[in-house]
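Enquirer: One structure, as structure tokens, below. Some questions next.
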Amino acid sequence: MEFNIIPDKEALSECAWCQSHITEYMEVFGFGAKLKPNVDLSEYEGHCIEIGLVSEEKSVYMMVTGQGSEAKNEGKDGMFLVCSEACGKKLKNVLEKDISIGKMFKTVMYD
Ligand SMILES: [Zn+2]
């Protein structure tokens, strides 16, 4: 699989769902996802990439967690940054649909 790498600055200043601008003064929400075992994103570790969703005509930014990071140790292969809980829930619902029909995600880890 090949993905575009999005510069951190750009990816981390935008809600993954609604594309609202996120500033350092806002309270942001993030959650993780685990990839299917055959999906290898190791070449993108530590970078943000743009992924296409299957159940929605939309692409979202995902941070690929690096080896040894706290998120990776918790089993999260990817992290999504959203501007609000509402956006988090919407994105989570879409990703959960992608689990069954897509090739990428195994579990969504939303807590
Ligand atoms: Zn949002």
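Enquirer: Using 0.36 nm per residue, how much length does the chain from residue 1 to residue 89 gain when fully extended, once their Cα-Cα distance is taken away?
Expert: Difference between extended and current length: 29.0 nm.
Enquirer: Which value at 222 nm does the chain reach when only helices count, each DSSP H run of 4 or more adding -39,500 (n - 2.57), with the total divided by all residues and rounded to the nearest 500 deg cm²/dmol?
Expert: Taken over the chain, the calculation gives -6000 deg cm²/dmol.
Enquirer: Per residue, how much accessible area does the chain show when a 1.4 Å probe rolls over the protein heavy atoms, in square angstrom?
Expert: I get 58 Å² per residue for the chain.
Enquirer: Beta carbons within 10 angstrom, averaged per residue: use that to sort the peptides 4-16, 60-72, highest first.
Expert: Packing proxy ranking, top to bottom: 60-72, 4-16.
Enquirer: Calculate one ³J(HN,Hα) per residue across region 92-97 by plugging θ = phi - 60° into the Karplus curve 6.51 cos²θ - 1.76 cosθ + 1.60, and present them in order as whole Hz with x for glycine and proline.
Expert: Per-residue couplings from phi come out as 4, 4, 5, 5, 5, 5 Hz.
Enquirer: Relative contact order for the chain: what percent, with Cα pairs under 8 Å and sequence separation of 6 or more?
Expert: Values: 206 pairs, mean separation 39.2, N = 111.
The normalised contact order for the chain reaches 35 percent.
Enquirer: Still on this model: Tell me which residues come under 5 Å, amide H to amide H, from residue 22 once H is placed; ignore anything under 5 positions away on its chain.
Expert: When sequence neighbours closer than 5 places are left aside, the close amide H contacts are 14, 15.
Enquirer: Still on this structure, please answer the following. To the nearest µm²/s, what D does Stokes-Einstein give for region 21-106 at 10 °C and 1.306 mPa s, using the Kirkwood radius over alpha carbon pairs as Rh?
Expert: The Stokes-Einstein estimate is 119 µm²/s.
Enquirer: Amide H of residue 105 versus every other amide H placed in the peptide plane: which residues, excluding those fewer than 5 positions away on the same chain, fall under 5 Å?
Expert: For residue 105, whose amide H was placed from the backbone, the distant partners under 5 Å are 36.
Enquirer: What residue among 93, 73, 38 has the largest mean-square fluctuation in a Gaussian network model of the chain, using Cα springs under 10 Å?
Expert: In the Gaussian network model the winner is 38.
The values are calculated or read from the model by the stated rules, or taken from the named source; none is laboratory data. Treat the numbers as computed from the prediction; the structure is a model and nothing was measured. A quick note on method: Cβ atoms are made from the backbone with ideal geometry, for glycine too, and the neighbour counts reach across all protein chains shown. What goes into the accessible areas is simple: the full protein's heavy atoms, side chains included, and nothing from ligands, DNA or RNA. Shrake-Rupley method; radii C 1.70, N 1.55, O 1.52, S 1.80 Å.
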